Amino acid sequence: MYCGDYQTQGTIFPAPNFNPIMDAQVLGGALQGISCEKDVLIDILTQRCNSQRLMIAEAYRDMYGRDLITDLKENLSHHFKEVMVGLMYPPASYDAHELWHALKGVDTEENCLIDILASRSNMEIFQMKEAYLMQYNNDLQQDIDSETSGHFRDTLMNLAQGTRMEGYADPSSAAQDAMILWEACQRKTGEHKDMLQMILCNKSYQQLWMVLCVRDKPSYFAYRLYNAIHEFGFHNKTVIRILIARSEIDLMNIRQRYKERYGKSLFHDIKHFASGHYERALLAICAGDAEDY
């Protein structure tokens, strides 16, 4: 997969000396006590990789005869619940979940569709389509066809086929224009900030925006996070989705680009805008520390 000149690095890794039965037992105590011990949930679920969390869920079901996701939903609330539940989905199921809500909400969340479909590999797209069909008994491409329109729909339909040539830098004028725009938009002038906002919001530029996502994922997601935090008054769904989805892929790279581009760390901005257990969960996924503040 084309990733430019950087080595991808996430922020969440497999925990050493992992014991799913012990983790399930601790989670059961935290969830089924008189008051939910939220700090325990954070300490376990943000410090295990996704495959380990799935093993914990299986052990939890065997131990208590209950579904861990259901218990999390019943005991938690608001954005903290979204984070903890989101961590428990396999990647393809989480993508399917986010695409479903983006397509079927009151307003189609077009940027979410770009975030997912333009950044995933062909195999990941195949897996998310399977998960989408299994979870919602709907065909993803049919839903894209019915819920979007014009060139944007055509491009999304092409991406959703999962047949893109990978490891190939598109030499077309669209790709060249996109990279010129991207480089211009990194400058900290109001003019270029407005240009990037235009790309994000104007349908006629969305194809270029998708090229940027394919070509330079860390810079793309760093901007999406900055935009979600600063331009939209902390758009929680976007922040949560990107942190969870990229946590085992390239979130460390995204953090680095974020600080290079915007002067303050992602850790700093999350700490400034979020609060409580929600803040602590996001920071744990971000893997920030005092030096980043």
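The values are calculated or read from the model by the stated rules, or taken from the named source; none is laboratory data. From a predicted model like this one, the values you see are computed outputs, not experimental measurements. A quick note on method: Cβ atoms are made from the backbone with ideal geometry, for glycine too, and the neighbour counts reach across all protein chains shown. SASA here: full protein model, heavy atoms, side chains in, ligands and nucleic acids out. Shrake-Rupley method; radii C 1.70, N 1.55, O 1.52, S 1.80 Å.
Descriptive notes on the structure:
- Mean accessible surface per residue for the range 217-287, computed with a 1.4 Å probe while every protein chain stays in place, in Å²: 33 Å²
- Largest-first ordering by accessible area, 1.4 Å probe, given options 115, 154: 154, 115
- Length-normalised contact order for the range 20-87 - Cα pairs under 8 Å, 6+ apart - percent: 36 percent
- Charge tally for residue 129 (other residues, Cβ to Cβ under 12 Å; Lys, Arg +1; Asp, Glu -1): -4.
- With every protein chain in place and a 1.4 angstrom probe, the accessible-area ranking of 264, 129, largest first, reads 264, 129.
- Above-threshold pairs, the threshold being 25 Å between Cα atoms, out of 81/271; 104/271; 104/237; 104/129: 104/271
- Only Lys, Arg (+1) and Asp, Glu (-1) charged, at Cβ; the range 217-287 dipole about Cα centre in debye: 80 debye
- Solvent-accessible area per residue in the range 91-161 equals 46 Å², computed with a 1.4 angstrom probe and all protein chains kept.
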